[in-house]
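Reading through the structure tokens given below for one structure.
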């Protein structure tokens, strides 16, 4: 317990780190969003293949974007 100094957590992640993480979210243009949706319908979760069609995008960025937009809460399952 002595490792916690009030400025961050035990894993070294501070509130400043979390703020920077939020600020580095990548924005996608409407054209990119439409292309990602079309490609996903064609090839599924092959993120690297989708990213290869969008200049300057990584598979990780595409997957993170897709999951943030298309993961819905499971409360509608009842």
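Once the Kirkwood radius over Cα pairs is known for the range 28-72, the Stokes-Einstein relation at 10 °C and 1.306 mPa s delivers a diffusion coefficient of 155 µm²/s. Peptide packing: for 56-67, 30-41, the average count of neighbouring Cβ atoms within 10 Å per residue gives the ranking 56-67, 30-41, highest mean first.
Every number here is computed from the coordinates shown, using simple stated rules; none is lab data. Please read all numbers here as calculations on a predicted model, not as lab measurements. Cβ sites come from the backbone with ideal geometry, for glycine too, and all protein chains shown count toward neighbours.
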